[in-house]
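See below for the structure under consideration.
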């Protein structure tokens with residue numbers, strides 16, 4: 001039996017034309033594109049080997065983008081070592097060869113930026129400390145860039161970003177986010193929301209936009225988009241500034257909670273502990289998740 005090398009992949013994708021991360025029969029997904037691409041790179045079918053499966057840090061929903069996604073895959077050691085082929089003489093590593101070969105087989109809306117042997121104990125899902133998302137809104141017609149229409153929500157009404165920021169600050173901490181999560185039988189809705197803040201940048205590519213920054217240990221289904229929806233209700237003046245916190249305290253879904261469209265949402269970064277702490281972190285989180293039946297970020301679905 002072959003030994004296996006666990007490979008960490010750092011990747012990005014435009015989620016517009018994907019039905020989310022997770023492979024689904026008959027649908028185009030990020031995981032499906034990556035696994036099909038890896039099968040071609042490794043010639044799995046010709047060699048009679050199963051295609052390796054991916055484990056991802058955050059399973060993004062349909063239409064959601066990622067700049068800083070992380071996944072791992074276990075590849076037979078001999079197959080990984082053989083990836084450079086003749087280019088091994090130039091000093092190209094198997095990871096560099098894998099990135100290059102992915103570039104030749106993947107569609108243009110998903111890119112593997114880096115592939116490296118993972119440190120001992122690394123698990124893309126369970127070793128992660130936190131996930132960081134942004135949500136971008138253009139609330140002025142002058143800010144509507146048709147070249148970014150797939151990545152920025154266009155709002156017809158101007159937003160009071162300062163009121164939105166003040167309204168969501170009380171939501172941080174370890175709390176029950178049942179009011180902001182699409183329920184899943186048996187799963188907990190308790191999360192540690194480490195940061196949520198709104199700003200209107202004055203320079204850079206996001207200048208003038210309303211931008212949310214949301215960081216948590218993990219998210220339940222629709223949580224980020226529901227938090228943004230509640231923020232918009234305050235920003236448009238339809239709800240008082242106390243409403244997001246009152247809603248959280250009620251621990252029940254309200255008909256007034258609008259789950260915003262996915263195009264403005266982007267997974268920006270996954271943070272991991274130092275290498276020496278990866279295994280302990282993975283073991284602790286895995287035990288907790290199995291006990292609580294916690295679902296990772298953004299299950300595929302509407």
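Worth pointing out:
- Enumeration of residues in segment 172-189 that are exposed (fewer than 14 other Cβ atoms within 10 Å of the Cβ) and touching a residue at least 12 places away in the same chain (Cβ under 8 Å): 173, 174, 183, 186
- Candidates in segment 62-71 are the residues that are assigned to a strand (DSSP E or B) and either within 10 Å of the chain's Cα centre (by Cα) or assigned by TED's automatic domain parsing to the domain that holds residue 151 (or both); of these, the one that is nearest to residue 14 (Cα to Cα) is 65.
- Residue count, segment 72-121 (criterion: in a loop (DSSP other than H, G, I, E, B) and over 19 Å from residue 54 (Cβ atoms)): 7
- Residue 59 vs. criteria more than 20 Å from residue 33 (Cβ to Cβ) and in a loop (DSSP other than H, G, I, E, B): no
- Given (1) assigned by TED's automatic domain parsing to the domain that holds residue 172; (2) in contact with a strand residue (DSSP E or B) (Cβ under 6 Å, 6 or more places away or on another chain), index of the condition residue 113 fails: (1)
- Within the option set 197, 230, 187, being touching a strand residue (DSSP E or B) at 6+ places or on another chain (Cβ under 6 Å) and either on the phi < 0 side of the Ramachandran plot or in a loop (DSSP other than H, G, I, E, B) (or both) holds for one residue only, 197.
- Here 42, 47 are screened, and the one residue that is crowded, with 18+ Cβ neighbours inside 10 Å, over 18 Å from the mean Cα position of the chain (by Cα) and farther than 16 Å from residue 125 by Cβ is 42.
- Filtered residue count, segment 158-168, keeping only those that are surrounded by fewer than 16 Cβ atoms within 10 Å (Cβ to Cβ) and either over 18 Å from residue 244 (Cβ atoms) or within 22 Å of the chain's Cα centre (by Cα) (or both): 1
- Residue check for residue 58: over 24 Å from residue 129 (Cβ atoms) and either without any contact (Cβ under 8 Å) to a residue 24 or more places away in the chain or not assigned by TED's automatic domain parsing to the domain that holds residue 134 (or both): no
- Within segment 13-55, tally of residues that are under 26 Å from residue 135 (Cβ atoms), assigned to a helix (DSSP H, G or I) and touching a residue at least 24 places away in the same chain (Cβ under 8 Å): 7
The values are calculated or read from the model by the stated rules, or taken from the named source; none is laboratory data. Given the structure is predicted, the values throughout are model-derived calculations rather than measurements. Glycine gets a Cβ as well: all are built from the backbone with ideal geometry, and neighbour counts include every protein chain shown.
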